[in-house]
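A short worksheet on the structure shown next.
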Amino acid sequence: MFVSRCYLCQLFQEHLQQSFSEYLTESRINYAKRLLVYSKQPLEEISLQCGYNTASYFSTVFKKNTGYSPNQFRKEFTTSGKSIDTI
C-alpha cells in the first residue's frame, strides 16, 4: 500500500473513530457471540476460531466487552430469544 504502519493506524482512527486493535477485538467478539448462540461448539473451539490462543484469555476479553462470561452469554441468549445485537 506504500504507507507506513503508523500512518495507516492514524487513518484508521480518523475514519472509524477507533484503533485497529479495538476494531479487531469488536469483530472477534461479535463473531464469538454468534458462534455461542447458534452453534454447540465448545468454548475452546470458539476461542480458536475467533483468534484467541486460550479459552481463558478469550473468556477474560469477552467478559470485559460484554459483561457476560461466554457460558453466561450462551445460556442467556440461547434460551431467552433476546437479540445478541443489543450487547
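The values are calculated or read from the model by the stated rules, or taken from the named source; none is laboratory data. Here the structure is a predicted model, which means the values were calculated and not measured. Cβ placement follows ideal geometry from the backbone for every residue including glycine, while neighbour counts extend to all protein chains displayed. For the accessible areas, the whole protein counts, side chains as well, though only heavy atoms, and no ligand, DNA or RNA atoms are used. Shrake-Rupley method; radii C 1.70, N 1.55, O 1.52, S 1.80 Å.
Of the candidates T86, T25, the single residue that is of a type in the set (S, T, Y) and modelled with pLDDT under 95 is T86.
Taking residues in the stretch 52-67 that are touching a residue at least 60 places away in the same chain (Cβ under 8 Å) and within 12 Å of T25 (Cβ to Cβ), and partners anywhere that are open to solvent by less than 50 Å² (accessible area, probe 1.4 Å) and among the aliphatic types (A, V, I, L, M), not one pair has Cβ atoms closer than 7 Å while being at least 6 places apart or on different chains.
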